[in-house]
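What follows is calculated from the coordinates using simple rules that are stated; it is not laboratory data. This one's a predicted model, so the numbers in the text were calculated from it and none came from an experiment. Don't worry about glycine lacking a Cβ; one is built from the backbone with ideal geometry, like all the others, and counts go over all protein chains shown.
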Amino acid sequence: MFINSLLFTNNMTTRSPIVSVLGHVDHGKSSILDSIRGTNIVAGEAGAITQAIGASIIPMDVIKKKCGKLLESLKINFNIPGLLFVDTPGHAAFTTLRKRGGSLADIAVLVVDIKEGFKPQTVEAIEILKGYKTPFVIAANKLDLIPGYKKQNLPLLQEINSQSANVQAEIDKKIYELVGQLHDKFGIVSDRFDRVGDFTKQIIIIPCSAKENIGLQELLMMIAGLAQKFLETNLNIDVSGKAKGTILEVKEEKGLGKTIDVIIYDGTLHVNDTIVIGSMDKPISTKIRALFEPDPLAEMRDKKSKFKSVKQVSAAMGVKISAPDLGGVVAGMPLRACDPSEVETVKYNLMTEITAVTIETDIMGLIIKADTIGSLEAMINILKGKKIPIRKATIGNINKKDYAEAESNYENNPLLSVILGFNVVDESGSDNKNVKVLTNQVIYRLVDDFEKWQEEKRKDEEEKKLDKVIRPCKVEILQSCIFRQSNPCILGVEVLIGVLRVGTPLMKNGIYLSEVKSIQSEKENFQVVEKGKQVAVSLPHVTAGRQVFENDFLYSDISEEDFRKLKKLSTFLAKDEISLLKEIAEMHRKHNPVWGV
């Protein structure tokens, strides 16, 4: 009742939903965004697209005009003013644009190459979306690259139905591969948009082509329809209220100095307003000198773009702010407008919000560094999802304190003596060999790099353990290669399986013979030789013709303790070594049935 009553007050209005675009590299994120923008830009048309800082606003009347009867089929009474697309597509923008409790984006478009399907960054994007609980639709892009596809300039479903039977079958196959991957990897139920029965329980997939402008009207229609139907209460704002926003970028502008690009998601911001902004150290307060919006139809990524000064902006909108004392402000930080008397209270609230992301939950774990709060949250969610422990996570470049924190793990678990840095640099100057530092500008690559390093390190550690036990080995005494009969006996042998080392105890038929005293080949001494090598070995306390003969097979005499260790390290043994280990155990069990059990 309270919400409904608010809808009738003069100051309440519905803002545009904020839409973010994510996806794997080269799957068409920018192309989708550019095509949506390009499709709806008509010079001189009333209500045409509006450029905002970091965002493109497509008014509802333009969407209705473009989508026509498609929107009518939804039978929804639209009151959202339009859609605000974040201009900078990708994970960085999505994770940067945050507010307390989640993502600033109300809904997201996940772009997937229909031919390639899910890639690592696609999986990461879904994990991030799930972590933020952000609803999303899938744009299955590059439909035109399906072999045999012929563009017909028809509405999407008619376009697909006009294709040959083979092409239609291939499209269906690719769609259901996506459906299967969503279900198998994430337990998410999905289907092609026209086949979805319950939009609250299923993710919709829209086949499209950014290049050929196919399916983009349907994509806009579904985003608008879902936002209107399921997000309406989240979009109600008090335009007379104090502005709330998130820093998208911090820039140096000629003639203005340091400025901030901000997405305002609630309230109205005015010139001369007092604002409080989160920073690396502690929140700062300042006063707005000027607000700027781009010229109509300006391309925001063009450095030559011009701006116009405005007196105020209301949510949802992007705006450039010029103000003094912006040092220490970074992307992803929250911004609040307030009365001068409220500054200290707002500072305290923002500090609480920022420090809530810094976690110290695990006694031992990785040290995590990131450039923004949102990136830090995304990393935490992904690592926690993989059950990778985190000792500490903070914003900013890597420093000496981070090294000290990481090194404290080394003695107990060197595999966790690691610093992961997303979009940051190492400014410590440290050459600490006990700490591994990994940095990257893509989260999934950073996590992949860590997992690969950890696996290699684990393998190295396990191989060191292998060096301390007697490994499975089988040798054959070569014919006409008994060089000395005894004292010590010197034999020519071939290593058939495994590794033969100096000091390896040898047995025959489960009975101990001797330890290898030395190994030699062509007058050169060796400590270890591998499978396939023919060498001469010296065996004390053995007499050829009495205990050993030509063509005999000798085996490494493994102790029960080493046998148990080798079973745990079996993933580092070759297949024939594992089979030989079983054979050696069977020999011993002829004399002791419970050997090695």
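Some observations on this one:
- Compared with the dominant principal axis of the Cα atoms in the chain, helix 443-467 is inclined by about 10°.
- Magnitude of the charge dipole for segment 495-578, about its Cα centre and with charges confined to Cβ atoms of Lys, Arg (+1) and Asp, Glu (-1), is about 160 debye.
- Legend: distances between Cα atoms for Lys130/Lys387; Lys151/Lys185; Lys517/Lys565; pairs beyond 22 Å are Lys151/Lys185; Lys517/Lys565.
- In the chain, taking the dipole from charged Cβ atoms about the Cα centre, the farthest positive-side position among Ile128, Leu71, Ala393 is held by Leu71.
- Positive-end residue, segment 366-463 charge dipole about Cα centroid, Cβ charges, pick of Trp453, Tyr403, Leu383: Leu383
- For segment 470-517, the Cα gyration tensor yields ellipsoid semi-axes of 17, 13, 10 Å (square root of five times each eigenvalue, largest first, whole Å).
- Magnitude of the charge dipole for the chain, about its Cα centre and with charges confined to Cβ atoms of Lys, Arg (+1) and Asp, Glu (-1), is about 360 debye.
- C-alpha long axis of helix 29-40 to longest principal axis of the chain, angle in °: 20
- Pairs exceeding 19 Å between alpha-carbon atoms, taken from Lys384/Lys459; Lys242/Lys320; Lys433/Lys568: Lys384/Lys459; Lys433/Lys568.
- Working value for the chain: equivalent-ellipsoid semi-axes of 65, 31, 19 Å, each the square root of 5 times a Cα gyration tensor eigenvalue, largest first.
- A protection proxy built from the mean count of other Cβ atoms within 10 Å ranks the segments 72-84, 208-220, 110-122, most packed first, as 208-220, 110-122, 72-84.
- Kirkwood-based Rg to Rh ratio, segment 368-456, C-alpha trace: 0.92
- Point-charge dipole on Cβ atoms (K/R +1, D/E -1) for segment 238-353, about Cα centre, debye to 20: 380
- With contacts taken as Cα pairs under 8 Å at a separation of at least 6 residues, the chain carries a relative contact order of 10 percent.
- Global geometry of segment 105-243, whether rounded, prolate or oblate, following the gyration tensor of its Cα atoms and the 1.5 cut on a/c: prolate
- Between 0 and 90°, nearest 10: helix 343-355 axis offset from the chain longest Cα axis: 30
- Inter-probe distance in nm under a simple model that places probes 7 Å from Cα toward Cβ, at Ser164 and Thr233: 5.2
- Cα-only Debye scattering, segment 440-597: base-10 log of I(q)/I(0) at q = 0.15, 0.20 Å⁻¹: -0.80, -1.24
- Value of Rg to Rh for segment 12-236 (Rh from inverse mean 1/r over Cα pairs, i.e. Kirkwood): 0.94
- Semi-axes of the equivalent ellipsoid for segment 238-353, Cα gyration tensor, largest first, Å: 23, 16, 12
- Normalised contact order of segment 410-569, rounded percent, pairs of Cα under 8 Å and 6 or more residues apart: 22
- Relative contact order (%) - segment 173-257, alpha-carbon pairs under 8 angstrom, separation at least six: 14
- Listed residues Leu496, Ile470, Phe483: farthest to the positive end of the dipole of segment 422-514 (Cβ charges): Phe483
- Phi angles across segment 485-491 convert, under the Karplus curve 6.51 cos²θ - 1.76 cosθ + 1.60 with θ = phi - 60°, into 3J(HN,Hα) values of 6, 6, 6, x, 6, 10, 10 Hz, Gly and Pro given as x.
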